[in-house]
Amino acid sequence: TLTNWEKYHLIEGQANLYFKNTYIGKTLLDPLNLSDTLEISLGRDPEVLVERLKEDEFTKKTFLGANTIIEKNIKLTFRNKKQDPIHIQVFDQVPVSINDVINITVTGISGGVHDEQSGIIKWDFSMDPTANKELRLSYAVKYPSKERVMLE
């Protein structure tokens, strides 16, 4: 993210991106539609490994009377292969119900911050060089068995 980018008098068009003296790709600059902070994605860092896995052995479907309960568990793993510490912000999302008969309960977010309106969960943390970190996200969806619910 760049602040005070206005002083560079950028013009609209395609820009080449370089990181550590290596060409990494192109982006489109549109200064007319930007805010006070210019955000540019440098793409995926090969020295930071991220994996998101649905844990099937902990995911289950239960029938309780006239209701169905689906429990989902997701494991996020991070590995910093760099020789320097890094700062990471992670965003994930749980379903948000617009129907009163469908209830979603977040049961675990490993210290993340949950916005109930949007369902977005945010983690903000630093990792030491060559460190590993694991986060877990789990939630349950309870709905009447006669309803159709798509979670994938």
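May I ask you to verify whether Lys82 is modelled with pLDDT under 90 and more than 13 Å from the chain's Cα centre (by Cα)? Criteria not met by Lys82.
Does at least one position in the stretch 131-147 carry a residue that is in contact with a Pro (Cβ under 7 Å, 6 or more places away or on another chain) and more than 30 Å from Phe19 (Cα to Cα)? Outline the logic, then answer.
To start, the set of residues in the stretch 131-147 that are in contact with a Pro (Cβ under 7 Å, 6 or more places away or on another chain) comprises 141.
Pick out the ones that are also more than 30 Å from Phe19 (Cα to Cα) and you get 141.
Yes, the stretch 131-147 has at least one match.
Of the residues making up the stretch 80-92, those that are farther than 20 Å from Lys54 by Cα and open to solvent by less than 50 Å² (accessible area, probe 1.4 Å) are Asn80, Lys82, Ile86, Ile88. Among the residues of the stretch 112-130, is any without any contact (Cβ under 8 Å) to a residue 40 or more places away in the chain, over 30 Å from Ser145 (Cβ atoms) and among the small types (Gly, Ala, Ser)? Yes, the stretch 112-130 contains a residue that is without any contact (Cβ under 8 Å) to a residue 40 or more places away in the chain, over 30 Å from Ser145 (Cβ atoms) and among the small types (Gly, Ala, Ser). When each of Leu34, Leu42, Leu29, Leu76 is tested for being modelled with pLDDT of 90 or more and either surrounded by 13 or more Cβ atoms within 10 Å (Cβ to Cβ) or closer than 23 Å to Lys122 by Cβ (or both), the lone residue that passes is Leu76. Is there a residue being under 20 Å from Lys60 (Cα atoms) and in a strand (DSSP E or B) anywhere in the stretch 107-128? Taking every residue of the stretch 107-128 in turn, at least one turns out to be under 20 Å from Lys60 (Cα atoms) and in a strand (DSSP E or B).
Kindly indicate whether Ile69 is farther than 30 Å from Thr3 by Cα and in contact (Cβ under 8 Å) with a residue 12 or more places away in the chain. Show your work before the answer.
Values: farther than 30 Å from Thr3 by Cα: yes; in contact (Cβ under 8 Å) with a residue 12 or more places away in the chain: yes.
It is true that Ile69 is farther than 30 Å from Thr3 by Cα and in contact (Cβ under 8 Å) with a residue 12 or more places away in the chain.
As a summary of the residue check, Val149 satisfies the conditions (1) loosely packed, with under 12 Cβ neighbours inside 10 Å; (2) in a loop (DSSP other than H, G, I, E, B); (3) touching a residue at least 60 places away in the same chain (Cβ under 8 Å) except for the one numbered (1).
Yes/no per residue for (1) open to solvent by less than 80 Å² (accessible area, probe 1.4 Å); (2) at pLDDT 95 or above:
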{"site": "Glu51", "(1), (2)": "no, yes"}
{"site": "Lys54", "(1), (2)": "no, no"}
{"site": "Lys60", "(1), (2)": "no, no"}
{"site": "Leu64", "(1), (2)": "no, no"}
{"site": "Ile69", "(1), (2)": "yes, no"}
{"site": "Val94", "(1), (2)": "yes, no"}
{"site": "Asn99", "(1), (2)": "yes, no"}
{"site": "Thr107", "(1), (2)": "no, no"}
{"site": "Gly111", "(1), (2)": "yes, no"}
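The values are calculated or read from the model by the stated rules, or taken from the named source; none is laboratory data. All of these numbers come straight from a predicted model, not from anything done at the bench. No Cβ is skipped: glycine too gets one built from the backbone with ideal geometry, and neighbour counts run over all protein chains shown. Accessible surface areas use protein heavy atoms only, side chains included; no ligands, DNA or RNA. Shrake-Rupley method; radii C 1.70, N 1.55, O 1.52, S 1.80 Å.
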